[in-house]
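Written out below as structure tokens is the structure these notes cover.
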Amino acid sequence: MFKHIIPLVYSPTHFAFICLLLFGISACSSNSNPVVYYESFDFSQVKNYSFYSNDSSFFNSQSLDYAQRNRIELAIEKSLNTQGFTYSELNQADIIITYHLIDKKYKDYKTYNKIVRFCTHCLIANSWKKNNDAWNVYPDGLIIDLINPKTNRSVWRSIYSLDNNVKDNSPKINQKIIAAVEAMLIQYPK
């Protein structure tokens with residue numbers, strides 16, 4: 001029985017396939033999703049989170065349809081709840097979650113940054129921690145910010161490419177959003 005299996009494992013075709021598979025896995029695992037955050041913010045004290053309401057300036061800072069907003073917010077809630085955080089009313093939240101989906105023309109990106117009071121030039125300052133020197137903004141990137149409700153300023157940001165395709169259907173887009181959100185929020189400072 002085993003003499004038929006062993007030749008298959010060592011055949012040049014299977015060896016090449018295994019090498020390509022391993023290369024693909026390593027390429028996927030090195031997907032760059034940098035995180036920057038304000039070191040002096042006490043992330044260990046955060047127990048609950050919230051989102052801005054539909055009538056907020058954040059909500060109006062980008063033109064996303066409700067279906068896309070729901071996908072993103074549900075993925076964020078699931079990821080944070082899995083990590084032990086609890087959703088609360090906005091006025092009781094330790095942190096407020098915002099997000100931005102960058103389009104090909106970077107439409108609304110500057111407006112979004114103003115609303116969450118995020119300054120890319122401030123990253124040079126020693127008060128920000130970077131875990132990746134390759135901080136770039138790119139089309140089809142999903143940004144998540146954690147906002148300090150006392151200052152209404154972003155204290156944590158990550159970006160992840162959704163690699164959306166025109167042929168992607170709704171379930172495929174949803175899977176990509178869930179994977180992106182999980183990859184970003186797993187890097188929450190402990």
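Only one residue in Asn174, Asn126, Asn131 is in the same structural domain as Tyr37 (by TED's automatic domain parsing), at pLDDT below 90 and over 14 Å from Tyr38 (Cβ atoms). Which one? Before the answer, list the steps.
Numbers: Asn126 fails: over 14 Å from Tyr38 (Cβ atoms); Asn131 fails: over 14 Å from Tyr38 (Cβ atoms).
When all the criteria are applied, what remains is Asn174.
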Under 6 Å between Cβ atoms, at least 6 apart or on separate chains: pull out the pairs that start in the range 66-78 with a residue that is over 10 Å from Val181 (Cα atoms) and in the same structural domain as Ile159 (by TED's automatic domain parsing) and end on any residue that is of a type in the set (Val, Ile, Thr) and modelled with pLDDT of 90 or more.
Arg71/Ile177
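The values are calculated or read from the model by the stated rules, or taken from the named source; none is laboratory data. Just so you know, these numbers come straight off a predicted model, no measurement behind them. Cβ atoms come from the backbone with ideal geometry, glycine included; neighbour counts cover every protein chain shown.
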